[in-house]
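Below is one structure, written out as structure tokens; comments come after it.
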Amino acid sequence: MNAAEIVAVGLAVLVALVAGVMIATLHALTRALHDVRDAVERLREDTLPLVDELHEVVDNTVDHVERVDRLITAAEDLETRVDSASRLAYRTIQSPVVKAMAVRAGVSEATKRLRGKAAEPAPLRAIERDGGGRRRWKGADRAEPVRTKRSR
């Protein structure tokens, strides 16, 4: 055997070894690919029902949110109506009540004067601030009623 034949046999053995390693690698890759395919199929089987259930839950949640929105809108409308009715009642009652109180005060004062007991107005008091910045009545006890120029 000459050198060329020995090199050719060596190359043939090397090619055969490389081919064997490649076949073994391809076989391992094929097994891994089948395992991945099986895992994906199991995952699909497990997740599809969960996704369907999730869609149902989302639809129910949307229905509940819409219902709550309708309730809040109705409550806001009711609040507006009650507020309007309250303002109307206040305006309706305020003027006659104030007038009745004024008439009562006038009749009371007139009665006192007719009886000879003229009411003396309470002295006006000034407000002063103490060292801490709090307001205090100057020259009178704080329990006494305050009379202003307008209330005389």
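The values are calculated or read from the model by the stated rules, or taken from the named source; none is laboratory data. Since we're looking at a predicted model, the values are computed, not measured. Methodologically, a virtual Cβ is constructed for each residue, glycine included, from the backbone with ideal geometry; neighbour enumeration extends over all protein chains shown.
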Would you confirm, using the coordinates I've provided, whether GLU41 is surrounded by 10 or more Cβ atoms within 10 Å (Cβ to Cβ) and not β-branched (Val, Ile, Thr)? yes
In this structure, does LEU50 turn out to be assigned to a helix (DSSP H, G or I) and exposed (fewer than 10 other Cβ atoms within 10 Å of the Cβ)? yes
Determine, yes or no, whether VAL7 is surrounded by 10 or more Cβ atoms within 10 Å (Cβ to Cβ), modelled with pLDDT under 95 and in a helix (DSSP H, G or I). yes
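Criterion first (loosely packed, with under 10 Cβ neighbours inside 10 Å, part of a helix (DSSP H, G or I), under 41 Å from the mean Cα position of the chain (by Cα) and at negative phi) does PRO96 satisfy it? Show your work before the answer.
Numbers: loosely packed, with under 10 Cβ neighbours inside 10 Å: yes; part of a helix (DSSP H, G or I): yes; under 41 Å from the mean Cα position of the chain (by Cα): no; at negative phi: yes.
In short, no.
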